[in-house]
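**Student:** Structure in structure tokens, see below.
Read-outs: derived from the displayed coordinates by stated rules, not from any lab. Note that the structure is predicted; figures quoted are calculated from it, not measured. Cβ placement follows ideal geometry from the backbone for every residue including glycine, while neighbour counts extend to all protein chains displayed.
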Amino acid sequence: MALAAVVFDWGGTLTDPLNFEELTDLWRLAARHIAPDREDELCARLEQIEGALWAGVAKDQKAFSLSDILKKASDELGVDVAEALLEEAGTHHLDVWTPHIVHDPEAAPTLAALKGEGLKIGLLSNTHWPRAFHERFLERDGLAEFIDVRCYTSEMERTKPHPAAYRTVLRELDVAPAAAAFVGDRLYDDIFGAKALGLRTVHRRDRNVPGFDVQPDAVIDRLPELIPLVDKWMRNDT
Ligand SMILES: [Mg+2]
């Protein structure tokens, strides 16, 4: 089937590799906002809860959100955190995180070129961040206008590589798996998951992520390499 859509992973694919060491102290800001007199305790607990939830994702791909982390922490620590406060804490966290998020300068022109060819463009990110956080980065750096469908697992039941995550984005794009290509930096979450459902797969390599034994259909080092690749797949009906 000829290619009709390209779906991208976000972190490490459309962005520079994310440095999570820089991000660990950001929980402190949220903790300080929620309960200044219990900052250390709350900060440690938030980090611990986030770590435990991501460890669970690796086992069963059960998605979670920032609200889930904060609710769990609230229950366990006996802090009554209203929805408004969750938003506030999230915004502070985002403000500190923002300078650390750097989109690949070749991302916007590459997306523009693919969209110019008539392809639908999708995004599927494993994330606990709310949609508004991601959209703010995408709009800041001029990517949002080129991405037709944006799916975040913080709004879904399952994360990549669970087939349900891919089905969600394909349904919203209204394309069959065989008419779509997935571009990602993680061999397990992105390449194994997309390939299992029948999408073409493109691995953005050398991003310092865990390995996995799966063969992508193509490998790229830079995003513009996608343009000739999808040209070929759009012409080739097999
Ligand atoms: Mg990634």
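**Student:** Just need log10 I(q)/I(0) for region 181-228 at q = 0.19, 0.22, 0.25 Å⁻¹, Debye formula, equal scatterers on the alpha-carbon atoms, no solvent, rounded to two decimals.
**Tutor:** Here log10 of I(q) over I(0) equals -0.50, -0.67, -0.85.
**Student:** About its Cα centre, how strong a charge dipole does the chain have in debye, to the nearest 20, once Lys and Arg get +1 and Asp and Glu get -1 at the Cβ?
**Tutor:** 900
**Student:** Using alpha-carbon pairs under 8 Å, 6+ residues apart, how would you state the relative contact order of the chain in percent?
**Tutor:** 27
**Student:** Jot down the radius of gyration and Dmax of region 92-199, Cα atoms only, both in angstrom.
**Tutor:** 14.0, 41
**Student:** Taking the Cα atoms of the chain, report the difference between the largest and smallest coordinate on each principal axis, in whole Å and largest first.
**Tutor:** For the chain, the Cα spread along each principal axis is 63, 33, 31 Å.
**Student:** Neighbouring Cβ atoms within 10 Å as the yardstick, rank Val219, Val7, Val175 fewest first.
**Tutor:** Going from sparsest to densest Cβ surroundings: Val219, Val175, Val7.
**Student:** Can you compute the helix-only [θ] at 222 nm over the chain? Use -39500 (n - 2.57) per DSSP H run of at least 4 residues, normalise by all residues, nearest 500 deg cm²/dmol.
**Tutor:** -13500 deg cm²/dmol
**Student:** Highest first, please rank the peptides 220-228, 62-70, 8-16 by the mean number of other Cβ atoms sitting within 10 Å of their residues.
**Tutor:** Those peptides, ordered most packed to least, come out 8-16, 62-70, 220-228.
**Student:** If the convex hull of the alpha-carbon atoms of region 141-207 is projected onto planes in all directions, what is the mean projected area in square nanometres?
**Tutor:** 5.0
**Student:** Here's a follow-up. How far apart, in nm, are two points set 7 Å out from the Cα along the Cα-to-Cβ line at Ala52 and at Glu145?
**Tutor:** Modelled inter-label distance: 4.6 nm.
**Student:** Quick one: if the Förster radius is 25 Å, what FRET efficiency do Asp60 and Gln215 give, using the C-beta to C-beta distance and rounding to 0.05?
**Tutor:** Calculated value: 0.50.
**Student:** Then there is this: Would you be so kind as to identify which of Gly118, Gly184, Phe64 lies farthest towards the positive end of the dipole of the chain, taking Lys and Arg as +1 and Asp and Glu as -1 on Cβ and the Cα centre as origin?
**Tutor:** Farthest towards the positive end: Gly118.
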